[in-house]
1. Within the stretch 28-63, which residues are aliphatic (A, V, I, L, M) and touching a residue at least 40 places away in the same chain (Cβ under 8 Å)?
2. In the set Pro194, Pro174, which member is within 19 Å of Asp33 (Cα to Cα), not small (Gly, Ala, Ser) and not in a strand (DSSP E or B)?
3. Just give me the residues in the stretch 113-131 being under 22 Å from Asn162 (Cα atoms) and either of a type in the set (Ser, Thr, Tyr) or crowded, with 21+ Cβ neighbours inside 10 Å (or both), in sequence order.
4. Looking at the stretch 30-76 only, could you name the residues that are of a type in the set (S, T, N, Q) and out of contact with any helix residue (DSSP H, G or I) (no Cβ under 7 Å at 6 or more places or on another chain)?
5. Quick one: which residue in Glu168, Glu185 is modelled with pLDDT of 95 or more and closer than 16 Å to Tyr42 by Cβ?
6. Would it be correct to say that Gly120 is over 19 Å from the mean Cα position of the chain (by Cα) and closer than 22 Å to Pro174 by Cα?
7. Identify all residues within the stretch 104-152 that are small (Gly, Ala, Ser), part of a loop (DSSP other than H, G, I, E, B) and at pLDDT below 95; write none if there are none.
Amino acid sequence: MARAAPCFESGNVVYIITMPSELAHRPDQVVIDVQPIVSILYPAYESAVMAARQFFENLREPVEPFEYSSQVRYFAKQYIRRHHGGAISAIQSVANNGLKFEQGRYSIRARKIDRRIHGGVEVLAPSPGISEPMQLFYRQRIAPLAPLFNRPELNLMFLWDNSRGFVELFLSCPAGGTTRRSVVEYWWRRLNHPADSLFAPPAPPSDDNSDLGYQRRFDDDAESDTGTENG
């Protein structure tokens, strides 16, 4: 449950100070909670990537990055609606084929990864751009009493990447920022593919929690702070 929200008075107005849910500091629990969604989004984005590639092959045109991402978003949403409409039933309308829905305690968006290094910290979440709703989403502006009314208490982003020739999904818990260089995250995790458990041998016991299951890539592209959905 979210922490009790402090407040203060100014004249006749009472201001409630929103605070992040305790779930923002429990990444392992969050990853467990979203596993049913992971099993849906992996095949959705794998199918969408293939469909987007086919789109450009049919045109006999080189891949245009922004249109490619838009096609991936479109085909992913169509896949989810056709195959998992019951499991993810409240997909909301977002500009430029953006994917947004609520699932249990979480408000979720899916966007394309934007990996870079800031101050020695690896960041995956793209810029929120000039969109005020997206900036509020990054700042975790959740109603203090949301859990009491069965409303989402934490904002999450599923980030997709196929730069290595296959689809990978990452889970990011944003903490704020308005530009590409100012975005910060509470944490992020690489999400295992559902098929991984079928082939991977049991992991040996370990007390070392430093391995997050990802490979670092040190690239810092030019600043890009558009107001469009890029995920």
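1. Filtering the stretch 28-63 down to residues aliphatic (A, V, I, L, M) leaves 30-32, 34, 37-38, 40-41, 44, 48-52, 59, 63.
Correct list: Val30, Val31, Val34, Ile37, Val38, Ile40, Leu41, Ala44, Val49.
2. Testing whether each residue is within 19 Å of Asp33 (Cα to Cα), not small (Gly, Ala, Ser) and not in a strand (DSSP E or B) leaves just Pro194.
3. Ile113, Arg115, Val123, Leu124, Ala125, Pro126, Ser127, Pro128
4. Let us first name the residues in the stretch 30-76 that are of a type in the set (S, T, N, Q), namely 35, 39, 47, 54, 58, 69-71.
The answer is Gln35, Ser39, Gln54, Asn58, Ser69.
5. Glu168
6. yes
7. Gly104, Gly119, Gly120, Gly129, Ser131, Ala143
The values are calculated or read from the model by the stated rules, or taken from the named source; none is laboratory data. Keep in mind the model is a prediction, meaning the values are calculated, not measured. Please note: Cβ atoms are built from the backbone with ideal geometry, for glycine as well, and neighbour counts cover all protein chains shown.
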